[in-house]
1. When segment 72-101 is examined, which residues are found to be modelled with pLDDT of 80 or more and of a type in the set (A, V, I, L, M, F, W, C)?
2. Name the pairs: first residue in segment 143-160 and of a type in the set (Lys, Arg), second residue modelled with pLDDT of 90 or more, Cβ to Cβ under 8 Å, at least 6 apart or on different chains?
3. When the residues of segment 6-28 are narrowed to those that are of a type outside the set (Phe, Trp, Tyr) and more than 16 Å from the chain's Cα centre (by Cα), which ends up farthest from TRP124 (Cα to Cα)?
4. Would you mention how many residues in segment 14-30 are in a helix (DSSP H, G or I), open to solvent by less than 70 Å² (accessible area, probe 1.4 Å) and either free of Cβ contacts under 8 Å to residues at least 60 places away in the same chain or β-branched (Val, Ile, Thr) (or both)?
5. Would you mention how many residues in segment 99-144 are outside any helix (DSSP H, G or I) and either of a type in the set (Val, Ile, Thr) or farther than 21 Å from PHE19 by Cβ (or both)?
Amino acid sequence: MASSSYSRAVTVAAMQAVFNSAWIAARELSPAKRRLARVGVIAIGAAGYAGATPDTRRAIREVRAEVESLRDKEDEPESSRDSAEEPPATPDSSFDKRRAVAIVGALGLTIAVTLGRRRLEKRWLARLARDGHAHPTRALALRMAPVAFAAELAIQIIDMHTLPDKTD
């Protein structure tokens with residue numbers, strides 16, 4: 001979901017950082033408590049997402065309006081349709097190579113960020129444990145919070161400044 005303002009982008013990034021930190025910190029708990037904590041994180045995130053529905057409701061209304069207009073066009077009799085309309089594009093002619101490259105690039109970037117983040121986590125956790133930290137996983141959660149915040153803020157700002165796809 002794209003952010004509509006910088007304050008929303010910062011809020012979403014901060015919430016993501018808190019959720020990521022809580023998820024990491026739960027690793028230190030016993031299996032039952034860890035599962036309970038992670039279910040709580042998911043429940044809080046879902047409740048927050050459900051509470052932030054004005055953009056979603058507007059998007060759903062727009063989609064419904066488009067579907068209704070398409071149904072109305074489909075219900076028109078053949079004779080009333082303009083015979084000069086272009087035939088529908090075949091799937092091969094509508095293939096956009098730039099869009100495919102962008103999707104592959106985004107997927108590659110996502111994988112690289114995930115692997116890099118996991119490598120950073122392992123390195124920091126090993127260093128904390130080696131240095132004898134009393135609670136290395138909790139310290140790791142605190143260290144990873146700014147990383148998660150920065151990554152999510154970058155994603156939110158990029159989403160905020162990308163133009164919506166207006167393919168008609």
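1. ALA100, VAL101
2. These pairs meet every condition: ARG143/TRP124.
3. So the residue we want is SER7.
4. Of the residues in that region, 3 qualify.
5. The qualifying residues number 4.
The values are calculated or read from the model by the stated rules, or taken from the named source; none is laboratory data. Bear in mind the structure is a predicted one, so any value in this text is a computation, not a measurement. Positions of Cβ are generated from backbone atoms using ideal geometry, with glycine treated the same way; all protein chains shown enter the neighbour counts. The protein model used for the area step is the full one, side chains on, heavy atoms only, and it has no ligands, DNA or RNA in it. Shrake-Rupley method; radii C 1.70, N 1.55, O 1.52, S 1.80 Å.
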